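Structure, as structure tokens:
The values are calculated or read from the model by the stated rules, or taken from the named source; none is laboratory data. Predicted model only: the values in this text are computed from it and were never measured. All Cβ positions, glycine included, derive from the backbone under ideal geometry; neighbour counts span all protein chains shown. Side chains are part of the model used for accessible areas, which takes the heavy atoms of the whole protein and leaves out ligands, DNA and RNA. Shrake-Rupley method; radii C 1.70, N 1.55, O 1.52, S 1.80 Å.
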Amino acid sequence: MGVHDVRASHQSGLIQPDKVNRSETFLKVFFTSNSRAIWHGDAIATVADLRKSTAMESSPNAAPVTDSEDDTQTIPRTLNRRSVLLGAGVAAVAATAAACTPTPAPPPAPTPTPTTSVPPTTAAPTTTTLPPPAIQPGSVTGETAAQVLHVARRLSFGQTPALLAEIRAIGTTAWIDRQLAWQSIDDSVVDGILRSYPRSLMTATEITDSAEPWRTRQEMAAATVARAVWSSRQLHELLVDFWSNHLNVDINHDLSTRHKPTDDRDVIRRHSTGRFADMLVASAKSPAMLLYLDQALSRADGGRLPIENYAREMLELHTVGVDGGYDETDVKEVSYLLSGWSVVNRNDGGFQFRPQWHNMGPLAAGGDVLGWRPNGLTGVAAGESLLVHLARHPKTATHLAHKLAVRFIGDHILPTDNVVTAAAQAYIANDTAITPMVRSLLLSPEFRASAGRKMRRPIEYFAGNLRAVQLQWDPARATNFQSSVMSQLALLGQVPLAWETPDGYPDNDARWTTAGAMVARWNLATLGSNGFGAPAPQFDAARILGTPVPTTAGEALDRAAIALLGEPLDPTTRAAILSASGQTNTTVWKATSNARAVFAYVLQTPQNQMR
């Protein structure tokens, strides 16, 4: 996947930390016109070390990296994610997965937004008294500004001034309920955007008949991220992302590529807040899934042994989970039961049951699968009955509730926690309905107490940055947007819909906070700070900084923080940015001042790494 390989960044000159004195034992920020470096105490590594370590992370069998950089150049080997701050334009910091291991869960109570602890720099501190932080309003229903911001961050791909205003106007609970009823939200803007990526809207037959059907992969990726950036149905898009990973189909699997748009539309999106039983049956009949896990080829006639791939993944990943109580006998029985579930043809898709391939196998002579028996059923009816039974199983309820809790609350949540139990009960009580389960989680004390406890995955970081800079859609630049999505998310290791194995992209902080991953994030913040070079009015710095024009660097930085983060910068982070850029709070802000650099600084802060 190339998740952590940052060799290209080094070779392009994006990562060029200054030579620094290793004897220093406190953090410094060195700023020049082209480079800066940051480190802490004895946690120092050379550029060569980082290149070698990230290359090994990307591929255990990778050849040694030959380094042209002077090995006196230094960058951090280990930094706590809340202690990392980097200058605009280039990044050279390593963060370990261990630094992002969640701390023990606190009692359910509102928690403050994460702050950044940065040791003092060597630059002379300004003696100017800092202005008090801007006071952000709460909601009409009495929630604090911090609670509003938490909902905006965690339940969307990134807060914007407009989103915060929307939540404040009706309160967090009403906003969550509105988002869960996503069908009633006008999303015509996105409908127009998707026309620039026609294959994302096509059937398998239309893709087969089109020129260059391989472009489906790029267009689906671009369409997915475009929805994340510009859709008004933000919670729905997050749930689509969750279910796309839960019922993962790798779009790069050649036989499944042309069928993935239909799977996305008719399986994932259609059922994302409906009954999981319906989604599971639809997925089992989806040509994309049938071809991805070889179920379309499974036959048990003439003494043949059915293919077990789908049966195994459906039990382990889709329903009851690895500790769900099934055994190898159950896997074998399910594979026989689903034999003959296939497609009309590989190009056009369409579910087709082939009775001549079907054999009930051991279940015909008795036995059960986690309490389910055929009771005279056979063929498609028997398979559908089993799938619905498994969707209703208590183990499935807990498995789904826990995965959703980790996604929306944090890695620290355990399957036995009360918040999971309550969500699972809501799911069972409503016959596998997804909305009551999700609502139970999002209105829980545990959710309210989880601010700052979940990292953004790459897609969230990418989309969140573009939402933060208020990038506007321009159909003339649709190809540019698609190229940025593919190239940047390939570097970050999360191209949409492209995880190779059936388990979907990992959902734990440590997986996304390795040294190479964090370097790529900071470089992305620089590139995305003006919408990847988008011209006005698609990108407009004045839209972010507001009017009248700021008069000082401090005022510009404060306005940028409120616009991009939805809250003031942590005071230490603010001081570090001013120091690293060679400015003070009262430096005069001019029309020629570099607003993009200010935006990049803010987007690189630890505050912007969090959901």
Cβ contacts < 9 Å: first residue among the small types (Gly, Ala, Ser), restricted to the stretch 584-595; second residue open to solvent by 40 Å² or more (accessible area, probe 1.4 Å), any location; separation 6+ or different chain. Result?
Ala591/Val549; Ser593/Thr587; Ala595/Ala542
Checking Arg233 against (1) more than 28 Å from Leu400 (Cα to Cα); (2) touching a residue at least 24 places away in the same chain (Cβ under 8 Å), the condition it does not meet
(1)
Residues of the stretch 375-412 classified as open to solvent by 10 Å² or more (accessible area, probe 1.4 Å) and more than 19 Å from Ser283 (Cα to Cα), total:
11
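Got a sec? Which of Leu569, Leu557 is buried (at least 21 other Cβ atoms within 10 Å of the Cβ), at pLDDT 95 or above and in a loop (DSSP other than H, G, I, E, B)?
Leu569
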Sort through Ala165, Ala174 and tell me the only one that's closer than 19 Å to Ile562 by Cα and in a helix (DSSP H, G or I).
Ala165
Since Asp241 meets every condition but one in (1) open to solvent by less than 10 Å² (accessible area, probe 1.4 Å); (2) under 20 Å from Tyr427 (Cα atoms), which condition does it not meet?
(1)
Based on what the data block shows, is Thr421 over 23 Å from Arg269 (Cβ atoms) and among the β-branched types (Val, Ile, Thr)?
yes
Under 16 Å from the mean Cα position of the chain (by Cα) and more than 30 Å from Ala277 (Cα to Cα) - does that describe any residue in the stretch 431-453?
yes
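Among the listed residues Ile428, Ile434, which satisfies the condition of being open to solvent by 10 Å² or more (accessible area, probe 1.4 Å) and either in the same structural domain as Lys332 (by the TED database) or not β-branched (Val, Ile, Thr) (or both)? Explain how you work it out, then say what you get.
Working: Ile434 fails: open to solvent by 10 Å² or more (accessible area, probe 1.4 Å).
It is Ile428.
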Any idea which of (1) surrounded by fewer than 16 Cβ atoms within 10 Å (Cβ to Cβ); (2) within 22 Å of Leu238 (Cβ to Cβ); (3) at pLDDT below 50 is the one Thr129 doesn't satisfy?
(2)
Just the residues that are among the hydroxyl-bearing types (Ser, Thr, Tyr) and over 27 Å from the mean Cα position of the chain (by Cα), please, taken from the stretch 547-588.
Thr547, Thr551, Thr552, Thr572, Ser579, Ser581, Thr584, Thr586, Thr587
For the stretch 209-219, what are the residues that are out of contact with any Lys or Arg (no Cβ under 6 Å at 6 or more places or on another chain) and open to solvent by less than 40 Å² (accessible area, probe 1.4 Å)?
Ser210
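Looking at Thr513, Thr552, which one is in contact with a Ser or Thr (Cβ under 6 Å, 6 or more places away or on another chain), in the same structural domain as Ser483 (by the TED database), surrounded by fewer than 23 Cβ atoms within 10 Å (Cβ to Cβ) and not aromatic (Phe, Trp, Tyr)?
Only one candidate qualifies: Thr552.
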Enumeration of residues in the stretch 413-425 that are surrounded by fewer than 19 Cβ atoms within 10 Å (Cβ to Cβ) and assigned to a loop (DSSP other than H, G, I, E, B):
Leu414, Pro415, Thr416, Asp417
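Specify which of the listed residues (Ala575, Ala541) is small (Gly, Ala, Ser), open to solvent by 10 Å² or more (accessible area, probe 1.4 Å) and touching a helix residue (DSSP H, G or I) at 6+ places or on another chain (Cβ under 7 Å).
Of Ala575, Ala541, the one residue that is small (Gly, Ala, Ser), open to solvent by 10 Å² or more (accessible area, probe 1.4 Å) and touching a helix residue (DSSP H, G or I) at 6+ places or on another chain (Cβ under 7 Å) is Ala541.
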All but one of (1) open to solvent by less than 10 Å² (accessible area, probe 1.4 Å); (2) over 18 Å from Leu155 (Cβ atoms) hold for Ala468; which doesn't?
(2)
Just one of the numbered conditions (1) of a type in the set (Ser, Thr, Tyr); (2) open to solvent by less than 10 Å² (accessible area, probe 1.4 Å); (3) within 20 Å of the chain's Cα centre (by Cα) is not true of Ser483; which one?
(2)
Within the stretch 522-532, is there a residue that is of a type in the set (Phe, Trp, Tyr), open to solvent by 10 Å² or more (accessible area, probe 1.4 Å), farther than 30 Å from Ala288 by Cβ and assigned by the TED database to the domain that holds Thr584?
yes
I'd like to verify a number: residues in the stretch 343-359 that are in contact (Cβ under 8 Å) with a residue 40 or more places away in the chain, open to solvent by 70 Å² or more (accessible area, probe 1.4 Å) and in a helix (DSSP H, G or I), how many?
1
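Residue-wise test of (1) open to solvent by 30 Å² or more (accessible area, probe 1.4 Å); (2) hydroxyl-bearing (Ser, Thr, Tyr).
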{"residue": "His253", "(1), (2)": "yes, no"}
{"residue": "Asp264", "(1), (2)": "no, no"}
{"residue": "Pro287", "(1), (2)": "no, no"}
{"residue": "Asp294", "(1), (2)": "yes, no"}
{"residue": "Ser298", "(1), (2)": "no, yes"}
{"residue": "Ala311", "(1), (2)": "no, no"}
{"residue": "His318", "(1), (2)": "no, no"}
{"residue": "Gly324", "(1), (2)": "no, no"}
{"residue": "Trp341", "(1), (2)": "no, no"}
